[in-house]
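Working notes for the structure below.
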Amino acid sequence: MRVADRRRARGEATREHLLAAARELFGERGYDATSIEAVLESSRVARGALYHHFQSKAELFDAVAVEVFAQIAEETAAAARGGTKPLEQLRAGSQAWLGMALDPAVQRIALVDPPTVLGWTRWRSLDEQYTLGGLRASLRSLAREGRIPAGEEEVLAYMMLAALNEAALFIANADDQEAALGTARAAIDTLLDRLAAESAS
């Protein structure tokens with residue numbers, strides 16, 4: 001058992017080395033400009049060990065994307081917990097995500113490369129797995145408060161997800177990304193204010 005445990009620990013450590021190296025390279029260079037050879041050189045892992053864990057560069061990118069989406073979910077959830085009311089929590093989480101969209105690595109791994117590398121369906125699946133749940137919870141809380149109509153929480157969660165992704169892409173594609181961040185944040189604030197005001201009338 002001890003031999004098996006050591007072997008398993010070595011395998012996990014190798015996988016983590018590969019993911020760390022790949023995340024840095026994919027974040028700096030993008031998917032197309034990152035070769036398997038560069039990952040091997042950076043991680044100091046043998047080719048056979050890489051292919052033991054990942055069958056292709058695309059599969060390696062998928063694993064890195066999972067890590068980045070999980071990080072986004074953790075940071076937005078932490079920001080949301082700073083709010084005392086559901087609308088404040090939704091606003092704080094949304095603004096945190098837009099702030100993360102300034103990071104070139106987040107842009108490449110979570111926004112720019114996934115539709116091409118992983119396909120739209122997989123990209124959407126990751127977004128739903130790590131982001132949609134928090135939006136659903138916030139909107140259900142707003143519905144319980146009477147701030148949005150009951151029964152519309154699900155579709156509004158999808159609409160908020162789409163709005164946030166488009167705002168993040170707006171930032172990523174802008175020449176002046178700091179200015180774009182300010183514009184996107186103001187637009188999301190307007191959207192949330194109107195959403196609450198519409199339900200309160």
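The values are calculated or read from the model by the stated rules, or taken from the named source; none is laboratory data. Keep in mind that this is a model prediction, so the values were computed, not measured. So basically every Cβ, Gly included, is an ideal-geometry build from the backbone, and we count neighbours across all protein chains shown.
Here is how the numbers come out for the structure above:
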read-out	value
Candidate set from the stretch 49-80 (those that are among the small types (Gly, Ala, Ser) and touching a residue at least 24 places away in the same chain (Cβ under 8 Å)); member that is nearest to LEU164 (Cα to Cα)	ALA73
Matching helices (runs of 4 or more DSSP H) fully within the stretch 17-112 where at least 1 residues are in the same structural domain as LEU169 (by TED's automatic domain parsing) and under 30 Å from THR183 (Cβ atoms)	57-80, 86-100
Tally of residues being over 20 Å from the mean Cα position of the chain (by Cα) and of a type in the set (D, E, K, R) across the stretch 47-92	3
Residue match in the stretch 41-55 (condition: aromatic (Phe, Trp, Tyr) and exposed (fewer than 14 other Cβ atoms within 10 Å of the Cβ))	yes
Tally, over the stretch 1-46, of residues that are among the basic types (Lys, Arg) and at pLDDT 95 or above	2
Residues of the stretch 133-188 that turn out to be under 18 Å from TRP123 (Cβ atoms), in a helix (DSSP H, G or I) and not aliphatic (A, V, I, L, M), as a count	6
Residue check, GLY99 out of contact with any Asp or Glu (no Cβ under 6 Å at 6 or more places or on another chain), surrounded by fewer than 19 Cβ atoms within 10 Å (Cβ to Cβ) and on the phi > 0 side of the Ramachandran plot	no
Whichever residue in the stretch 135-161 is crowded, with 20+ Cβ neighbours inside 10 Å and among the small types (Gly, Ala, Ser) and, among such residues, is farthest from TYR31 (Cα to Cα)	SER138
Residue check for ALA9: in a helix (DSSP H, G or I), assigned by TED's automatic domain parsing to the domain that holds LEU98 and either surrounded by 16 or more Cβ atoms within 10 Å (Cβ to Cβ) or among the hydrophobic types (A, V, I, L, M, F, W, C) (or both)	no
Any pair with Cβ under 6 angstrom, 6 or more apart, that starts in the stretch 81-93 at a residue that is over 18 Å from GLU153 (Cβ atoms) and ends at one that is part of a loop (DSSP other than H, G, I, E, B) and at pLDDT below 90	ALA92/GLY82; ALA92/GLY83
Some residue of the stretch 171-186 being touching a residue at least 12 places away in the same chain (Cβ under 8 Å), touching a helix residue (DSSP H, G or I) at 6+ places or on another chain (Cβ under 6 Å) and farther than 16 Å from ALA110 by Cβ	yes
